[in-house]
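Below: the structure, in structure tokens.
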Amino acid sequence: SKSPAVAMSADGNVVLFYSARPDLVPGDTNAKVDVFAKDMTTRAVTRVSTTATGANLPRVPTGPALALTPDGRFALFPALSGTGPAVLYRKTLTGADAGALVAVSTVSISGRVHEFGVFRDAGDVAISDDGRYVAFSTAAKLGTTTPTANWTAGLAYRKDLDSGTVVALGTGQRTVWEHS
């Protein structure tokens, strides 16, 4: 069974959720599911699943995986395109660089950025309190020349968004789930 697609800041003031409703914010014209944040004090709702300029994403957010830093500054969510993998994004909600959107599930190989898919059930993604580190599960063969090739089982990794370093969280066995 899947958990509800909701995440909350430590003080309970910011709630992150998925919705297909087009009337939660003005300008939501993509007719797709989006990720929203609600400030429980001001009651303001913000569409999180947009580009840094507020445009529609080229992918549709899909969960139920969601994560939010305790201070409500950073949101983490996966999104799918019709042909590509479920890419993990980090959106800056408040503070310096508010609005910034980073594709997290990427690796650089020979100077070229490659996207890879992540699992998107509840518990498959996490973010550190400061938003610098992200954990995710993927079947992508990270550390090889092509992350689009997949293992038969998923592995958990931690990515440092400052350095781009990706580290496996287990021993790397690839026949059964290492992280359950």
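The values are calculated or read from the model by the stated rules, or taken from the named source; none is laboratory data. Being a predicted model, the structure only gives us computed values, none of them experimental. Positions of Cβ are backbone-derived with ideal geometry, glycine not excepted, and every protein chain shown enters the neighbour counts. Note: areas computed on protein heavy atoms with side chains; ligands, DNA, RNA excluded. Shrake-Rupley method; radii C 1.70, N 1.55, O 1.52, S 1.80 Å.
Conditions first: (1) part of a strand (DSSP E or B); (2) under 20 Å from residue 162 (Cβ atoms); (3) not basic (Lys, Arg). Residue 78 passes all but one, so which condition is the exception?
Checking residue 78 against (1) part of a strand (DSSP E or B); (2) under 20 Å from residue 162 (Cβ atoms); (3) not basic (Lys, Arg), the one that fails is (2).
Inside the stretch 70-118, can you point out the residues that are in contact with an Asp or Glu (Cβ under 6 Å, 6 or more places away or on another chain) and within 19 Å of residue 37 (Cα to Cα)?
Result: 70, single match.
Restricting to the stretch 90-104, and then to whatever is hydrophobic (A, V, I, L, M, F, W, C) and not in a strand (DSSP E or B), can you tell me which residue is least open to solvent (accessible area, probe 1.4 Å)?
Initial filter on the stretch 90-104 (hydrophobic (A, V, I, L, M, F, W, C)): 93, 96, 98, 100-104.
Among the residues that remain, those that are also not in a strand (DSSP E or B) are: 93, 96, 98, 100, 104.
Numbers: 93: 44, 96: 68, 98: 62, 100: 34, 104: 0 Å².
Ranking the candidates gives 104 first.
Listed residues 129, 124; which is of a type in the set (D, E, K, R), in contact (Cβ under 8 Å) with a residue 12 or more places away in the chain and surrounded by 13 or more Cβ atoms within 10 Å (Cβ to Cβ)?
Working: 129 fails: surrounded by 13 or more Cβ atoms within 10 Å (Cβ to Cβ).
Result: 124 is the single residue among 129, 124 that is of a type in the set (D, E, K, R), in contact (Cβ under 8 Å) with a residue 12 or more places away in the chain and surrounded by 13 or more Cβ atoms within 10 Å (Cβ to Cβ).
Could you list, in sequence order, all residues of the stretch 67-112 that are within 14 Å of residue 128 (Cα to Cα) and basic (Lys, Arg)?
73, 90, 91
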